[in-house]
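**Student:** This is the structure I have questions about; it appears just below.
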Amino acid sequence: MENMVLHQRSQERKKPDGAGAAGLEQLQKSSPLSHQAGQQELLGEESCALEKGEQLGPGDTSTLETAEPGKQLLNGTGSQGLPEQEEMPKGQDPGPAVLDGDGNVASGEEIPMAFRRATKGDTEPSEQGRNEEALMGELSELVHKVVKSSTWWERYGVDNCIIALSLLILPAGFLCLRSDNALPFLLGIFILGIVHYTVAVKATHLASHNALMESKTWGKVWAIFFIEVCSAFTVEQGIYNHVKIHHAYTNIIGLGDSSSWKLPFLNRYVYMFIAPIAIPILTPLVALDLLRNVKLATALRTVCCMFLGLYSHYWLLLNVSGFQSVWSALLCMLMTRSLLAHPFLHVNIFQHIGLPMFSVDKKPRRIHLMSLGVLNLPRNILLDWSFGHSLISCHVEHHLFPHLSDNMCLKVKPIVSQYLKKKQLSYNEDTYMSRFRLFLQNYEKLMVYAPPITELVGIQ
């Protein structure tokens, strides 16, 4: 009942009128994820942070005149951009820009007429805000020293080696499926499933953050390969949704609150045990629906890459593994692509939902937002290999420094955890089974009703 009251109160917030309402309408039309990002009003100042943990400024207010354009992984990421804005009347606030996952201003993604009133605090941060900036700056300096002293092998080589080894054992998986014995056949299913999630989750996630290598050009190539060919999704929409929305607005209601994972019409048992099996089927269908928001050339490239990846998998099952019928090959594809679908779904909801949620005008600065709204799970050999450390045991570190690779997130984990605990900031950790029981017991509260808005008062 308390959740329903809070939800009703959040719905009764004063909506923008005049220029603000027009800006919201324009944002909803321009954003490639308008059906998600347009759910809430955009209020409040946005934090800007330079990538790779260098001089991150969580308290800086982004403006169209002073903010450095964010570095995007792909040209044309997100929508095609907004129309040119007319000159603003004197004294009218142009509003903040859309941020990418590092808090940088995303070029081509400006939000016109963002719905906040200019205040003296925009140009003169409060003492608390300056203290929070100092905290993030100090932590960033500590992490930057570790990154700078690390070798290429530590920064990129370890994760690239894991991805390469996974691809190298792929032929063994197809050959094992030729066997009539149950044990080799099941081994083949296991190998193909592990390889699929290593390239479709770990490699895709790193590619979306440009954390696979230093070269932007090759980063773009590998992003298309891993996201579109291997994962059957679209690069532009995937990066926009994950980097520019989820990371920039972590646990902000209506933006990065992980609500896209909620299916309120399903009961707890169907959602937690049966629904994950449908993820391999739903993923390309959702991608095709999202292609309505991109250019025709981009849509054609994505469709071709998705077809290449899916048909190659099907062809190899018929011609290498020796499957005799279409349906048996399709069933095997579903089995391998859903092998780790359950932990994949669970991890995505365990690490954010159930933690403090904020309205955009009441959200804390970056270091508090990420320490409060993100949770680490314990290390697990299988999930660490397939999903990566940044999605399992180093998720807090990943949200604070998104451009670090999985191995570097693991390396800076002791520094980040000790620093946050030393400064008496939150550092959320819990076990997989503990979170599983929590969601199973409180499914309606966490996954059906709107999350309560948390207002931070007197943070020291």
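**Student:** Return the residues of region 234-245 that are outside any helix (DSSP H, G or I) and open to solvent by 20 Å² or more (accessible area, probe 1.4 Å); say none if nothing qualifies.
**Tutor:** Within region 234-245, none qualify.
**Student:** Quick one: how many residues across region 249-262 are at pLDDT 90 or above and open to solvent by 10 Å² or more (accessible area, probe 1.4 Å)?
**Tutor:** Looking only at that region, the number is 0.
**Student:** Can you tell me which residue within region 439-453, out of those that are open to solvent by 30 Å² or more (accessible area, probe 1.4 Å) and of a type in the set (A, V, I, L, M), is modelled with the lowest pLDDT?
**Tutor:** 453
**Student:** Same structure again: Looking for whichever is small (Gly, Ala, Ser) and open to solvent by 20 Å² or more (accessible area, probe 1.4 Å) here; the options are 287, 297, 223. Which one fits?
**Tutor:** 297
**Student:** State yes or no: is residue 396 at pLDDT below 95 and aliphatic (A, V, I, L, M)?
**Tutor:** no
**Student:** Check off (1) hydrophobic (A, V, I, L, M, F, W, C); (2) open to solvent by 10 Å² or more (accessible area, probe 1.4 Å); (3) over 20 Å from residue 303 (Cβ atoms); (4) at pLDDT 95 or above for residue 200 and give me the number that stays unchecked.
**Tutor:** Among (1) hydrophobic (A, V, I, L, M, F, W, C); (2) open to solvent by 10 Å² or more (accessible area, probe 1.4 Å); (3) over 20 Å from residue 303 (Cβ atoms); (4) at pLDDT 95 or above, residue 200 violates only (3).
**Student:** Filter region 169-218 down to the residues that are farther than 24 Å from residue 344 by Cα, in contact (Cβ under 8 Å) with a residue 24 or more places away in the chain and touching a helix residue (DSSP H, G or I) at 6+ places or on another chain (Cβ under 7 Å) and list them by number.
**Tutor:** 177, 213
**Student:** Filter region 372-386 for residues that are crowded, with 22+ Cβ neighbours inside 10 Å, of a type outside the set (Ser, Thr, Tyr) and at pLDDT 95 or above; which is nearest to residue 435 (Cα to Cα)?
**Tutor:** Taking region 372-386 as the starting set, the residues that turn out to be crowded, with 22+ Cβ neighbours inside 10 Å are 372-373, 377, 383, 386.
Subsequent filtering for residues that are of a type outside the set (Ser, Thr, Tyr) retains 372-373, 377, 383.
From what's left, at pLDDT 95 or above: 377, 383.
Details: 377: 9, 383: 16 Å.
By that ranking, first place goes to 377.
**Student:** Identify all residues within region 303-340 that are in a loop (DSSP other than H, G, I, E, B), of a type outside the set (Phe, Trp, Tyr) and touching a residue at least 40 places away in the same chain (Cβ under 8 Å); write none if there are none.
**Tutor:** Within region 303-340, 320, 321, 322, 338, 339, 340 qualify.
**Student:** Here are some conditions: (1) open to solvent by 10 Å² or more (accessible area, probe 1.4 Å); (2) in contact with a helix residue (DSSP H, G or I) (Cβ under 6 Å, 6 or more places away or on another chain). Residue 392 meets all but one. Which one does it not meet?
**Tutor:** Of everything listed in (1) open to solvent by 10 Å² or more (accessible area, probe 1.4 Å); (2) in contact with a helix residue (DSSP H, G or I) (Cβ under 6 Å, 6 or more places away or on another chain), residue 392 misses just condition (1).
**Student:** Has region 382-389 got at least one residue that is farther than 26 Å from residue 142 by Cβ, in contact with a Ser or Thr (Cβ under 6 Å, 6 or more places away or on another chain) and part of a helix (DSSP H, G or I)?
**Tutor:** yes
Listed here are the residues, each with its yes/no results for (1) open to solvent by 30 Å² or more (accessible area, probe 1.4 Å); (2) among the hydroxyl-bearing types (Ser, Thr, Tyr); (3) more than 27 Å from residue 326 (Cβ to Cβ).
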site: 229; (1), (2), (3): no, no, no
site: 232; (1), (2), (3): no, no, no
site: 247; (1), (2), (3): no, no, yes
site: 273; (1), (2), (3): yes, no, yes
site: 279; (1), (2), (3): yes, no, no
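**Student:** In region 392-441, how many are out of contact with any Cys (no Cβ under 7 Å at 6 or more places or on another chain) and either in a loop (DSSP other than H, G, I, E, B) or among the acidic types (Asp, Glu) (or both)? Spell out the reasoning first.
**Tutor:** Here is the first cut: in region 392-441, the ones out of contact with any Cys (no Cβ under 7 Å at 6 or more places or on another chain) are 392-393, 395-396, 399-408, 411-412, 414-441.
Then drop every residue that is not either in a loop (DSSP other than H, G, I, E, B) or among the acidic types (Asp, Glu) (or both), which leaves 392-393, 401-406, 423-427, 429-431.
Matching residues across region 392-441 total 16.
**Student:** If I filter region 405-416 down to residues being touching a residue at least 12 places away in the same chain (Cβ under 8 Å) and either open to solvent by 10 Å² or more (accessible area, probe 1.4 Å) or among the basic types (Lys, Arg) (or both), which single residue comes out as nearest to residue 131 (Cα to Cα)?
**Tutor:** If we filter region 405-416 for residues that are touching a residue at least 12 places away in the same chain (Cβ under 8 Å), which is where we start, we get 405-413, 415-416.
Next, only the ones that are either open to solvent by 10 Å² or more (accessible area, probe 1.4 Å) or among the basic types (Lys, Arg) (or both) stay: 407, 410-411, 413, 415.
Values: 407: 30, 410: 27, 411: 26, 413: 23, 415: 20 Å.
Of everything passing the filter in region 405-416, 415 is nearest to residue 131 (Cα to Cα).
**Student:** If you don't mind, another one. State yes or no: is residue 415 within 18 Å of the chain's Cα centre (by Cα) and of a type in the set (A, V, I, L, M, F, W, C)?
**Tutor:** no
**Student:** Can you pull out the residues in region 264-277 that are of a type in the set (A, V, I, L, M, F, W, C) and in contact (Cβ under 8 Å) with a residue 40 or more places away in the chain?
**Tutor:** Answer for region 264-277, where residues must be of a type in the set (A, V, I, L, M, F, W, C) and in contact (Cβ under 8 Å) with a residue 40 or more places away in the chain: 272, 273, 275, 277.
**Student:** Determine, yes or no, whether residue 313 is surrounded by 14 or more Cβ atoms within 10 Å (Cβ to Cβ) and more than 22 Å from residue 254 (Cβ to Cβ).
**Tutor:** When the stated conditions are applied, residue 313 passes them.
**Student:** Which residue out of 322, 309 is under 18 Å from residue 229 (Cβ atoms) and of a type outside the set (A, V, I, L, M)?
**Tutor:** Only one candidate passes the filter, namely 309.
**Student:** Let me ask you something else. Pick out, from region 79-182, the helices (runs of 4 or more DSSP H) lying fully within it that include 3 or more residues that are modelled with pLDDT of 50 or more. Don't jump to the end; show me each part of the working.
**Tutor:** Working: elements: 120-123, 127-149, 158-168, 170-176.
Correct list: 127-149, 158-168, 170-176.
**Student:** Scan (1) open to solvent by 20 Å² or more (accessible area, probe 1.4 Å); (2) outside any helix (DSSP H, G or I); (3) closer than 29 Å to residue 413 by Cβ for the single condition residue 212 breaks and write down its number.
**Tutor:** Unmet condition: (1).
**Student:** Here are some conditions: (1) in contact with a helix residue (DSSP H, G or I) (Cβ under 9 Å, 6 or more places away or on another chain); (2) among the hydrophobic types (A, V, I, L, M, F, W, C); (3) at pLDDT below 95. Residue 360 meets all but one. Which one does it not meet?
**Tutor:** Every listed condition holds for residue 360 apart from (1).
The values are calculated or read from the model by the stated rules, or taken from the named source; none is laboratory data. All values reported here derive from a predicted model rather than from experimental measurement. Positions of Cβ are backbone-derived with ideal geometry, glycine not excepted, and every protein chain shown enters the neighbour counts. The protein model used for the area step is the full one, side chains on, heavy atoms only, and it has no ligands, DNA or RNA in it. Shrake-Rupley method; radii C 1.70, N 1.55, O 1.52, S 1.80 Å.
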